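The values are calculated or read from the model by the stated rules, or taken from the named source; none is laboratory data. All figures in this text were calculated on a predicted structure; none of them were measured in a lab. All Cβ positions, even for glycine, are placed from backbone atoms using ideal geometry, and neighbour counts span all protein chains on display. To get the accessible areas, we keep the full protein, side chains included, count just its heavy atoms, and leave off ligands, DNA and RNA. Shrake-Rupley method; radii C 1.70, N 1.55, O 1.52, S 1.80 Å.
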Amino acid sequence: SPCEPKGLKGIMLLLVSQIITLASSFSARGALAFHSSQFLRIRNTKNLVRNLPYFFCIEKRKAKFSIEMAASTSSNIKETDMPSISSRIKKTLDPCVVLMKELMNRHNHLWEDKGGIFSLAQGVVYWKPPEVVSSALIEALKEDQSENLNAPQLHTYGPDEGLPALRSAIQQKIKRENGLTNHEVMISVGANQAYTNCILSLLNQDQKVVIFSPYYFNHVMAVQMALPEDSLVVGPCSDDGIPDMKWLEATLKSDSSIQMVTIVNPGNPTGVSLSRKILQSAVDLCREYKAWLVLDCTYEYFVNVNEGEQEDGPDYKLGGCFPEPHVLHIFSFSKSYAMAGYRCGYIIVSEEAADDNKTSLFRQMLKVQDTIPIAPSRISQIAALAAMQEDNSGVNDEQLGSPGKGKVWVQKQFQTLETGRRAIYRALQVMNTPMMGGSGSMYIMAKLPESASDDKKIADKLVEDFGVAIIPGSFCGFPGWIRVCYSNLPPEKCLQAADRLEKGLKKLCRS
């Protein structure tokens, strides 16, 4: 040995090094394996207290240490003592918002004295729910403690489909604002659960669903974890974020196993508001080829395009909704009313929605509802009902297309996002590359230059070196792009975040 240990401690350290080497060679499954590309040697050096030998790498710069679960190569050791994990769930996309939060947590200490890391990643709004929500919750909690027979019974299960008062208010709202009558309402634990209800209620294992890219990652995840790998059919969008209807027609015509088509409008992650003409094409094609059309209307109140600005005149007075029985609509209280933590959404199903055997879709979907949440939280539904501010006076024909009090409140909040939207748009323009979005929802997407097209690496460096977080386009099926949300921060902070983003993109794309 080239080592020259001095004293008992030196000999002990040398012995430990040999044990580590042997453990690396004969490690079984579950053992810790220690790897190094360099030999270890012992050399006398000064310790804080006394001269003691210690381990060091001959070339520390090149040494690579790792601790991992080593696979067994011994035939007499069982492959595993644990049952397997679903291969379907392992192939499901990782939750990108969780990954971005973890990335931010790793670098938070670098930005504590600089105002923290600004998040332009997760799609949330900076404002709080309407004040009437807090008042309604306080009143409900007080009443719940009383002996009143009409107390809200917050601690008990509610009806699977949702509280009657909330469902009634929503039916009034969708009639006036969306032109939908004779439709059932099912309250869900957020829009994601509503979409999962659709996947489980509409599709067999040998059927497929179309989702357009750039896509909302949680829609893809729901398909991946519930259906076989080939069930997901990803369709293209144009350079400005419009789903390709010619592709959809050709695909539906050639593949009769497609049972469901998904469109988010206004778009996530595209930030694009679709025209009535585009949506009508999707409605007509799905009817012709006997496919369900699921319209995710989570961002229905977040529209920057005025009626008549586009050639075909988008009809936003009805919120991009359609009464045809093969069309399902999903809505959420999370974005508009700033109630993401309450987890409350809803799905609208036509009373005429049924299969060839006249089996009611709504009744079948109740099976999913009863299995997943059983019933949505009563307290969340009380908050949602208060936020809507419906007066239960009914809707007459003259009111069709007119906004309710809740929508008016949301639109006032939405107008405050204009400062941030313009600032983020200017920041992204420094790359001089294609962009999409800004006409709806709360997002803008931009393409990275070829010299810096690794969107995940760019996202990592933006957080660490510039204190601003975005979503890599790879998580949306659009590698080489980034998604930026401009609603997370109040206007003044969004301006600061945009400044960091612009500086980061200038440097990273140049280098």
Checklist line | Assigned charges on the beta-carbon of Lys, Arg, Asp, Glu; the stretch 445-495 dipole about Cα centre (debye) | finding: 140
Margin query: Per residue, how large is the accessible surface of the stretch 419-474? Use a 1.4 angstrom probe and give square angstrom.
Written below: 37
Note to self: Can you work out the Karplus-derived ³J(HN,Hα) for every residue in the stretch 125-135? Use 6.51 cos²θ - 1.76 cosθ + 1.60 with θ = phi - 60°, whole Hz, and x for glycine or proline.
What the structure shows: 10, 7, 7, 9, x, x, 4, 5, 5, 4, 4
Margin query: Tell me whether the stretch 360-511 comes out rounded, prolate or oblate; compute the Cα gyration tensor, take square roots of the eigenvalues as a ≥ b ≥ c, and use a/c under 1.5 as the rounded threshold.
Written below: prolate
Next item on the list: Report, by chain and number, residues whose modeled amide H sits under 5 Å from the one on L328, excluding near sequence neighbours (fewer than 5 apart, same chain).
Entry: L293, V294, L295
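Can you order the peptides 147-160, 267-280 by their average number of other Cβ atoms within 10 Å per residue, highest first? List each step's numbers first, then the result.
On the way: 147-160: 11.9, 267-280: 24.2.
Going by the mean number of other Cβ atoms within 10 Å, highest first, we get 267-280, 147-160.
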Check: When the chain is fully extended, how far beyond the present Cα-Cα distance does D356 get from S453, taking 0.36 nm per residue of separation?
Finding: 30.0 nm
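R510 to Q415: FRET efficiency via 1/(1 + (r/R0)^6), r the Cβ-Cβ distance, R0 51 Å, to the nearest 0.05? The partial results should precede the final answer.
Details: r = 36 Å, r/R0 = 0.70.
Efficiency, from the Cβ-Cβ distance: 0.90.
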Check: Shape call for the stretch 147-192 from the C-alpha gyration tensor, a ≥ b ≥ c root eigenvalues: rounded (a/c under 1.5), prolate (a/b greater than b/c) or oblate?
Finding: prolate
Notebook entry, point to check: To the nearest Å, what is the center-to-center distance of the stretch 432-511 and the stretch 347-388, using C-alpha atoms only?
Noted result: 37
Item checked: Highest average packing first - 381-387, 111-117, Cβ atoms within 10 Å -> 381-387, 111-117
Notebook entry, point to check: How many percent of the accessible area of the stretch 317-458 is carbon or sulfur, using a 1.4 Å probe?
Noted result: 46
Next item on the list: Quote to one decimal, in nm, the extra length available between E112 and M82 on full extension: 0.36 nm per residue of separation minus the C-alpha distance between them.
Entry: 6.5 nm
Notebook entry, point to check: Probe 1.4 Å, all protein chains in place: accessible area of V463 in Å², nearest 10?
Noted result: 0
Margin query: For L232, L166, give me the order by solvent-accessible area with a 1.4 Å probe, most accessible first, ignoring ligands, DNA and RNA.
Written below: L232, L166
Notebook entry, point to check: Roughly how many percent of the accessible protein surface of the stretch 196-254 is carbon and sulfur, given a 1.4 Å probe and a whole-percent answer?
Noted result: 48
Check: How high is the FRET efficiency from D284 to Q429, r the C-beta distance, R0 41 Å, rounded to 0.05?
Finding: 0.65
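Applying a 10 Å radius around every beta-carbon, put 449-460, 219-230 in order of their mean neighbour count, most first.
Descending mean neighbour count gives 219-230, 449-460.
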Note to self: Using each residue's phi in the stretch 268-283, evaluate 6.51 cos²θ - 1.76 cosθ + 1.60 at θ = phi - 60° and report the 3J(HN,Hα) Karplus result to the nearest Hz, with x for Gly and Pro.
What the structure shows: 10, x, 6, x, 10, 8, 8, 6, 4, 5, 5, 5, 4, 4, 5, 4
Check: In square angstrom, what is the accessible area per residue of the stretch 154-236 with a 1.4 angstrom probe?
Finding: 34
Margin query: Rounded to the nearest 10 Å², what accessible area does F414 have for a 1.4 Å probe in the complete protein model?
Written below: 20
Check: Check G235: other-chain or 5+ apart residues with amide H under 5 Å from its amide H, H built from backbone geometry?
Finding: I211, F212, S213
Margin query: Could you work out what % of the accessible surface of the stretch 108-149 is carbon and sulfur, using a 1.4 angstrom probe and leaving DNA, RNA and ligands out of the count?
Written below: 52
Next item on the list: Using 0.36 nm per residue of separation minus the Cα-Cα distance, give me the extension gain between K461 and Q153 in nm, one decimal.
Entry: 105.9 nm
Next item on the list: Taking amide H positions as placed in the peptide plane 1.01 Å from N, state which residues far from F302 in sequence (5 or more) or on other chains have amide H under 5 Å from it.
Entry: S441
